[in-house]
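Visitor: Once you've had a glance at the structure underneath, I'll fire off some questions.
The values are calculated or read from the model by the stated rules, or taken from the named source; none is laboratory data. As the structure is a computational prediction, the values presented were derived from the model and not from experiment. As a convention, Cβ positions derive from the backbone with ideal geometry for all residues, glycine included, and neighbour counts pool all protein chains shown. Calculation scope for accessible area: heavy atoms of the full protein, side chains included, ligands and nucleic acids excluded. Shrake-Rupley method; radii C 1.70, N 1.55, O 1.52, S 1.80 Å.
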Amino acid sequence: MTEEPEPDRDAFAEAVHELVASIPPGRVMAYGEVAAVLGSRAARRVGRIMATDSEGLPWWRVVRASGLPPAGLHDRALPHYEAEGTPLADTPPGADAPFRIQRRARWMPD
């Protein structure tokens, strides 16, 4: 059995950057959705790329599958969501963030 070659990491990161840059204001995609659009199941890899190499990108438009903003960044993300009119909903006390992005804000490219 032949092992498949490891994917070109630079090409995947570039594709993540291009896709994230194309998400319209007020809309979001989950990490797994970004990966799926790129033909991958590597949601965690998308998360690593966003955590380490997202300068100049609208990082707040990539959220957790539950609709919660990026972990630990809800305070920094909130002004962006408010400025863009992103539909938000309160979360119950004790949640990781005081709000989540409503499902209707999800976006998928054509």
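Visitor: Cβ-Cβ below 8 Å, separation at least six or inter-chain, first residue in the range 66-81 and surrounded by fewer than 13 Cβ atoms within 10 Å (Cβ to Cβ), second at pLDDT below 95 and not hydrophobic (A, V, I, L, M, F, W, C): which pairs?
Guide: Going by the 8 Å Cβ cut-off, the qualifying pairs are Ala71/Asp96.
Visitor: In the range 11-63, what residues are of a type in the set (Val, Ile, Thr), in a helix (DSSP H, G or I) and either open to solvent by less than 40 Å² (accessible area, probe 1.4 Å) or more than 22 Å from His80 (Cβ to Cβ) (or both)?
Guide: Val16, Val20, Val34, Val46, Ile49
Visitor: Within the set of pairs 6+ apart or on separate chains, which have a first residue in the range 99-110 that is in contact (Cβ under 8 Å) with a residue 40 or more places away in the chain, a second that is among the charged types (D, E, K, R) and open to solvent by 40 Å² or more (accessible area, probe 1.4 Å), and C-beta atoms under 9 Å apart?
Guide: Every condition considered, the pairs that remain are Ala105/Arg27; Arg106/Arg27; Trp107/Arg27.
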